[in-house]
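To start, the structure itself, in structure tokens.
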Amino acid sequence: MAERNRAVAGSIPAPLQRDQLLDLYFHLRLTRQVEQVLTHLYRQNLIHGGLYSSLGQEGTAVGSAFALQRCTDGTGDVIAPAIRNLGAVLLMGARPVDVMRQYMGKADSPTQGRGQTVQFTSAPHGFFGLISHLGTMVEVMAGCALTFKLRREPRVALTWVGDGAASTGAFHEGFNLAAVQRAPLVVIIENNGYAYSTPVSRQTAAKSFVLRAKGYGVYGDECDGNDVFAVYEMTRRAVEHARAGNGAALLEVKTYRRKGHAEHDGQHYVPAGEIAQWEARDPITLFTRRVLEEGWLTSDDLTKTDERVEREVEQARAEAEASPLPQEEEAVAMMYGDVTPRGPWTRLQQPDPHGA
């Protein structure tokens, strides 16, 4: 009996296979490595705008997106990432070099220097650029999900919001529409402890965000957001539920943001010792510990993957840094259709402040 129990405990969680475990680990490490490079670039003044880190939350983005049907021809499931879901965008098919070019505002970035963070789209790969992280993408993805239902396509739309965004009107309006219309929308609330500097206890009286699922009349579930396997399994169940025509799902992951809201945030509002407590529950550490203890992967497997990540990220960094910045005259291209815009009043020969 003991031998049989050990065999069951050592089996890879269905329906995952060994190659998929390696893919999970690769994207966990890739996400962290890309963000480390972005941090270095930010400190060198090579990043334009803010930098939002998912340190400590990589398991949520990668684990949930791994449960989707990913395609490269525009026929798979779709996502709309929030600012800390870089891992999901990479998993869906975004290239690290394009992510770096995007943050650096390069001319050959996906938006040709006009956007930043994860504000770019690849319809063939199924991800749509962030408009706002304050609940707006719930409305957008509710619309996407409704089109899937009307066209009878077995596809699912998924998006993430932070605990703060879950208290916005856009979140409620978008999700309630999907709930009423029984659209295949899955929304994951990333309860990471803080909405910028506001702790969860100061912006909701509920013990858990997933309790709201009953109010919407939809499927709800929650899990440990630092356990990649738990996130994957929870999302897989919700996605299957939605794909089968049973309507929307509201999920909650309990995780932690180990860096500030953005790179400039010094986290002075965080109690002493709190970050260290969560660092001990790092999602990548928990993943590697389990796959090694259960014998699903070997140390050599992980080392080879680490080396591959290092090579690919450094190559991406070199290519991104070598990319040119956009020319000034290109700034308004693709912004006004076929109309040539008038120059700003600050550049007129006789400046007219009323013409601004």
Give me the net charge for the shell around residue 120: Cβ to Cβ below 14 angstrom, other residues only, Lys and Arg +1, Asp and Glu -1.
+2
Using modelled amide H (1.01 Å from N, peptide plane; none on Pro or chain starts), what sits under 5 Å from the amide H of residue 158, excluding residues fewer than 5 places away?
78, 79, 80, 186
How large is ³J(HN,Hα) for each residue in the stretch 49-64, as worked out from phi by the Karplus curve 6.51 cos²θ - 1.76 cosθ + 1.60 (θ = phi - 60°), to whole Hz, x for Gly and Pro?
x, x, 10, 10, 9, 9, 3, x, 10, 4, x, 5, 5, 5, x, 6
Please identify, among 84, 32, 18, the residue showing maximal mean-square fluctuation in a Gaussian network model of the chain using a 10 angstrom Cα cutoff.
18
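Between residue 173 and residue 197, take the C-beta separation as r, use R0 = 25 Å, and let me know the FRET efficiency to the nearest 0.05.
Details: r = 26 Å, r/R0 = 1.04.
The calculated FRET efficiency here is 0.45.
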Per-residue ³J(HN,Hα) for the stretch 224-230, Karplus 6.51 cos²θ - 1.76 cosθ + 1.60, θ = phi - 60°, Hz, x for Gly and Pro:
6, x, 8, 9, 4, 5, 5
The whole-number value in µm²/s of the Stokes-Einstein translational diffusion coefficient for the chain, with Rh from the Kirkwood sum over alpha carbon pairs at 37 °C and 0.692 mPa s, is 152 µm²/s
Residue among 40, 268, 133 with the largest mean-square fluctuation in a Gaussian network model of the chain, springs linking Cα atoms under 10 Å
268
Net charge around residue 51, counting only other residues with Cβ within less than 10 Å of its Cβ (Lys, Arg = +1; Asp, Glu = -1)?
0
Let me know the longest stretch in the chain that avoids all chymotrypsin sites (Phe, Trp or Tyr not before Pro) found in a DSSP loop with at most 13 other C-beta atoms within 10 Å.
1-195
Excluding residues fewer than 8 positions from residue 254 in its own chain, the lysines with Cα under 25 Å of it are 207, 214
Could you tell me the distance between the Cα centroids of the stretch 18-65 and the stretch 113-156, to the nearest Å?
21 Å
Pull up all non-local amide H partners of residue 252: gap of 5 or more, or a different chain, and H-to-H distance under 5 Å with H placed in the peptide plane.
189, 221, 222, 223
How about the stretch 155-250: which trypsin sites (Lys or Arg not before Pro) there are in a DSSP loop, with at most 12 other Cβ atoms within 10 Å of their Cβ?
207
Local electrostatic count, residue 278, Cβ distance below 12 Å [Lys/Arg +1, Asp/Glu -1]:
+1
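A short reminder: the numbers here are calculations on the coordinates, not readings from a lab. No experiment lies behind these values; they were computed from the predicted model shown. Positions of Cβ are backbone-derived with ideal geometry, glycine not excepted, and every protein chain shown enters the neighbour counts.
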